[in-house]
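Here the structure comes first, spelled out in structure tokens, and everything after it is commentary.
The values are calculated or read from the model by the stated rules, or taken from the named source; none is laboratory data. No experiment lies behind these values; they were computed from the predicted model shown. All Cβ positions, glycine included, derive from the backbone under ideal geometry; neighbour counts span all protein chains shown. Calculation scope for accessible area: heavy atoms of the full protein, side chains included, ligands and nucleic acids excluded. Shrake-Rupley method; radii C 1.70, N 1.55, O 1.52, S 1.80 Å.
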Amino acid sequence: MSELVLYEKKESIALLTVNRPKALNAINRDVLLALEEAMAELRQDADIKAVILTGAGEKAFVAGADIAFMQGLSPADGEAFSRLGHRVLDAIENLNKIVIAAVNGFALGGGLELALACDIRVGAEKAQMGIPEVALGLIPGFGGTQRLPRLVGPGMAKEMLATGKRIKAQEALSCGLLNHVVPQEQLMQFCMDMAGQIAANSATAIAYGKCSMNAGMEMDLARALAFEAGQFGLTLSTPDAAEGVSAFLEKRPPKFQ
Ligand code: CAA
């Protein structure tokens, strides 16, 4: 595994850390490839039940795509970089496990887009989030023009796009960009506790439920409900459902696979 993305296992929880602290964890092609490798490994690792993604150092989650790396890229190379970003962030969004972004500082541009691909975002009080690309003459290229309006609504997303302003943690909380804001020193423990709660439940059911929500949000309600019904039917045939239902009826805690 690359040094650009550190991978630690803490029992059934994986902690991934984007590790370029001197450049505030800015994302270049190698960081994207390292994240992609981590997702491929996580997808296969049945022992891991939840993932926490954070940034190395005291200042930043990720301060964006690497501006120096992007300088002078041709349109074709820029498009390829954007498409690679999409591929990797899609792999995070569609991972068969929940990914919690522990936003420990600046989450800007591609860094905010990375957090948006995660399922849950928890911010430290000092976190600052924004899409400042227009100040560089650019637009967000890792899905920000699509995932941000879906999460916070088009009005707030367009304000963030056009002003490029950095919003503080409390404002990010109030517009739904963050699920929780906690003091910096409690951030990792808070995320570990949440990941622990997730890990106690059926990983199979969580994977089905996440897939149903992700897929359904791209459909009209009637098709989405039909999709949910099919997924629900499938979960009934899993060993985890057999165990969970039996455990409830036998008044004992379940032992999921
Ligand atoms: N790319 C490359 N290097 C970056 C970087 C980035 N996105 N963000 C910070 N760095 C580097 C700085 O160049 C600096 O390096 P040196 O020490 O070698 O000079 C180091 O990280 C520390 O940064 P600062 O000295 O700037 O730290 P600061 O505390 O004064 O400011 C900051 C922090 C406000 C986050 C500021 O660094 C900043 O504005 N960064 C850029 C944010 C940005 O514009 N992000 C969007 C990038 S474009 C994008 O992401 C496109 C896309 O969607 C694909």
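Residues that are at negative phi and in contact with a His (Cβ under 9 Å, 6 or more places away or on another chain): does segment 155-162 have at least one?
Step one: filter segment 155-162 for residues at negative phi, giving 155-162.
Narrowing further to those that are in contact with a His (Cβ under 9 Å, 6 or more places away or on another chain): none.
So far as segment 155-162 goes, no, none of its residues is at negative phi and in contact with a His (Cβ under 9 Å, 6 or more places away or on another chain).
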Exercise. Name the residues in segment 132-166 that are near the ligand (Cβ under 8 Å from one of its atoms) and under 27 Å from Ala195 (Cα atoms), would you?
Worked result: Phe142, Gly144
Exercise. Would you call Val51 closer than 24 Å to Leu187 by Cα and in a strand (DSSP E or B)?
Worked result: yes
Problem set entry | Residue list for segment 123-160, restricted to those being touching an Asp or Glu at 6+ places or on another chain (Cβ under 8 Å) and open to solvent by 40 Å² or more (accessible area, probe 1.4 Å) | Ile139
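Let's see how each residue does on (1) in contact (Cβ under 8 Å) with a residue 24 or more places away in the chain; (2) under 30 Å from Gln257 (Cα atoms); (3) over 16 Å from the mean Cα position of the chain (by Cα); (4) part of a helix (DSSP H, G or I):
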{"residue": "Ala14", "(1), (2), (3), (4)": "yes, yes, no, no"}
{"residue": "Leu32", "(1), (2), (3), (4)": "yes, no, no, yes"}
{"residue": "Leu35", "(1), (2), (3), (4)": "yes, yes, no, yes"}
{"residue": "Asp47", "(1), (2), (3), (4)": "yes, yes, yes, no"}
{"residue": "Gly57", "(1), (2), (3), (4)": "yes, no, yes, no"}
{"residue": "Phe69", "(1), (2), (3), (4)": "yes, no, yes, yes"}
{"residue": "Ala76", "(1), (2), (3), (4)": "no, no, yes, yes"}
{"residue": "Glu79", "(1), (2), (3), (4)": "no, no, yes, yes"}
Problem set entry | segment 16-30, residues that are under 16 Å from the mean Cα position of the chain (by Cα) and closer than 26 Å to Gly196 by Cα | Leu16, Thr17, Val18
Exercise. Restricting the search to segment 13-58, which residues are in contact with a Leu (Cβ under 7 Å, 6 or more places away or on another chain), open to solvent by 60 Å² or more (accessible area, probe 1.4 Å) and away from the ligand (no atom under 16 Å from the Cβ)?
Worked result: Arg43
Exercise. Regarding Asn214, is this residue under 28 Å from Pro149 (Cα atoms), among the polar types (S, T, N, Q) and either in contact (Cβ under 8 Å) with a residue 12 or more places away in the chain or open to solvent by less than 70 Å² (accessible area, probe 1.4 Å) (or both)?
Worked result: yes
Problem set entry | Condition met for Ala215 (at pLDDT 95 or above, out of contact with any helix residue (DSSP H, G or I) (no Cβ under 9 Å at 6 or more places or on another chain) and assigned to a helix (DSSP H, G or I)) | no
Problem set entry | Any hit, segment 112-131, residues being within 16 Å of the chain's Cα centre (by Cα), more than 16 Å from the ligand (Cβ to nearest atom) and farther than 26 Å from Val31 by Cα | no
For this session: Of the numbered conditions (1) under 23 Å from Arg150 (Cβ atoms); (2) part of a helix (DSSP H, G or I); (3) more than 10 Å from the ligand (Cβ to nearest atom); (4) in contact (Cβ under 8 Å) with a residue 24 or more places away in the chain, Arg83 fails exactly one; give the number of that condition.
Result: (4)
